[in-house]
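Notes follow once the structure below has been shown.
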């Protein structure tokens, strides 16, 4: 085989390798693009759930502040005063003798249970809100990685096209 034929075979082999690599890169580009689209949809879903939970928590906190501000002289005999005291107790601001009062005054044990349920609900909201925010951040990081890989694939495709034109 002559030197010219060897060179020609090498060029053909190189061209075929470029074609195969370009084909693989196109498939990768389509796959990464579809993954990025799916991740964007998931991000939108996470954003909506995070904003919904945040608005519920904000509304809960503002209602709590508003009710606390209305109580100027708290008395345990008044049901809503006792309820707010129990909620504060359940949220970590310990109030002395709350359960003793619940046992002594009629109907106050039920109020204590309602306040406990309300505090548990608030903690669950806070937990799911933070979990949703973490999920949103993870999805956002995945989207950034996908776009970075997509840029790299497209850059390599441009280089192959540039070499082929020369």
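Spin-label model, residue 156 to residue 130: label points 7 Å out along the Cα-to-beta-carbon direction sit 4.1 nm apart.
Dividing the helix sum by the residues of the chain, where each DSSP H run of 4 or more adds -39500 (n - 2.57), gives a mean residue ellipticity at 222 nm of -32000 deg cm²/dmol.
Taking Cα atoms, how many degrees apart are the long axis of helix 79-90 and the longest axis of the chain, rounded to 10 and kept between 0 and 90? The angle comes out at about 50 degrees. Size descriptors for segment 3-165, from the alpha-carbon set: Rg then Dmax equal 31.4, 106 Å.
Protection proxy ranking of 9-20, 76-87, 119-130, by the mean of other Cβ atoms within 10 Å over each peptide's residues and highest first, is 76-87, 119-130, 9-20. Placing a pseudo-label 7 Å from each Cα along the Cα-to-Cβ vector at residue 147 and residue 79 gives an inter-label distance of 5.4 nm. Relative protection proxy for 90-99, 139-148, from highest mean packing down: 139-148, 90-99 (other beta-carbon atoms within 10 angstrom). Helix 3-70 and the long axis of the chain differ in direction by around 10°, with both axes built from C-alpha atoms. Measuring nothing but how far apart in sequence close Cα pairs (under 8 Å, 6+ apart) lie, relative to its length, the chain scores a relative contact order of 35 percent. Round to a whole angstrom and tell me the spacing of the C-alpha centers of segment 29-98 and segment 115-149. Spelled out, the Cα-based centre of one part sits 14 Å from the other. Fully extending the segment from residue 8 to residue 29, taken as 0.36 nm per residue of separation minus the present Cα-Cα distance, adds 4.5 nm. Working from Cα pairs under 8 Å separated by at least six residues, relative contact order for segment 78-166 is 22 percent. As an equivalent ellipsoid, segment 1-99 spans semi-axes of 75, 13, 8 angstrom, where each value is the square root of five times an eigenvalue of the C-alpha gyration tensor, largest first. In the chain, the longest principal axis of the Cα atoms and the axis of helix 108-165 are about 10 degrees apart.
Every number in this text was worked out from the coordinates using simple rules, so none of it is lab data. Not measured: the values here are computed from a predicted model. Virtual Cβ from ideal backbone geometry, glycine too; neighbours counted across all protein chains shown.
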